[in-house]
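One structure below.
The values are calculated or read from the model by the stated rules, or taken from the named source; none is laboratory data. These figures come from a predicted structure and were not determined experimentally. All Cβ positions, glycine included, derive from the backbone under ideal geometry; neighbour counts span all protein chains shown.
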Amino acid sequence: MTEREKQLFKHGVTLMKIARDLVIKRVGDRLPTIEEYTRSLDISRGTVQAVLKLLQDKGCVVLHKRGHQGTFIEKIDIAKTWEYTNWAHLTGATELPLDTLAAGLATGVCLCMKQKSIPFNFAFMQGSRTRVRALLDHKYDFLITSELSAKVLINEGQDVQMIAKIEGCLYAEIYSLLFAEPGHEEIEDGMTIAYDPSSIDQTFLTNELTKDKKVNKIELTYINTYESLKDGRADVIVCRPDVVRTGKYFQFHMKDIVLKDPTIPDANQLTYSVVLAAKNNYGLKELLLKNLDDKLISDVQQKVIRQEMAPSYY
C-alpha cells in the first residue's frame, strides 16, 4: 500500500467512525474536541478536521462552537449521516421463529428498529454456533441469543461481547429433559442422548448432565433430536417446552433439569435474551443501547404470545 493509499484508508476509517458517533447523538449534544478525536482514533488533527468539514458540507450535520465550552450539534440529518457509517442495512440474526416466544422476540426487535428509522434486516438461522461464525465473518452485525450461549462463548475466548440483556424478555422457556419412555427422573447409564453440536445451549446442558454418566451420544440437527425420540434412536434429549408444544411431542415425558455442579447457575436463570456482537464493530454497542427498548420488546413478545399481535419481521 502506497503512502497515498494509506492516507485515503485512514480518512475513510475516520469518516466511518465519526459518522457512527454522530448517528447516536442528538441535537444539543457536545461533540468531542479535535484533540479528543486525535487521541481516541489515533489520527492527525488534519484528518479529523477534513472529515468534520466533509460531513458539514454534505448537509449531514450543523455544528455550533461555544468557545471554551466546546462544539455542539445544532442540526443533524440521520439519514444522510448514516450513508457514511458503512453499516448500510444493519443486520441482526436469531433462531428460526418456530414458536410464539421466538416470533414475539424477533417482532419486538424489528419494531424498535422501525420506530427509530434504522435500515434493518433480520436473518433467521438455526444453531447458535452457526450464527456466531457468521457474525465473526461480518455477515451479521449482532445476534439475539440466550444468556447461556453468550456466557459459554465469552468463556471460550471468542471475539464477542455481550452488549445488553433484554430485561423481561425470554429467549426460551426453562430447559427440561424429554424422555422417550416414562419412569425416569434423570439421565441414566446406558441411555442414548441426542444433541445438536451447533446449539450451544443444548450441547452445554447435555455435557453437564452426562459428564459422570456412561451414555451414548449421537449428533443430529436440532429438530431431529426431537424426532429421534419417535424413531427410537435416542432415549432422552435436553429440550425446550415451547418446542415440545409446537412440534406436538406431547407423548414424551418431560422432567425438570437439576444441575448438581454448584458453580453453574440453574438452567432457568440462563434462558434470558441478550444482544451479542463482535468486539471490533466500532460504535455498534452505543447504537444498540440507544435504540433497543427493553420494555417495548417485552410487551410485543407478550402480545404475540397471547395472539393479540401478529408476528412481523420487517
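Results, tabulated for the structure shown:
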quantity: Pair list, Cβ under 7 Å, 6 or more apart: the stretch 181-198 residue assigned by TED's automatic domain parsing to the domain that holds ILE218 and under 17 Å from ARG233 (Cα atoms), other residue among the basic types (Lys, Arg) and loosely packed, with under 13 Cβ neighbours inside 10 Å; calculated: ASP189/LYS214; GLY190/LYS214
quantity: Within the stretch 40-62, tally of residues that are in contact (Cβ under 8 Å) with a residue 12 or more places away in the chain and within 34 Å of the chain's Cα centre (by Cα); calculated: 13
quantity: Filter result for the condition that a residue is over 21 Å from LEU101 (Cβ atoms) and among the β-branched types (Val, Ile, Thr), over THR192, THR225; calculated: THR192
quantity: One residue from GLU219, GLU188 being surrounded by fewer than 19 Cβ atoms within 10 Å (Cβ to Cβ) and closer than 17 Å to LYS255 by Cα; calculated: GLU188
quantity: Residue check for VAL215: within 28 Å of GLU167 (Cα to Cα), modelled with pLDDT of 95 or more and among the aliphatic types (A, V, I, L, M); calculated: no
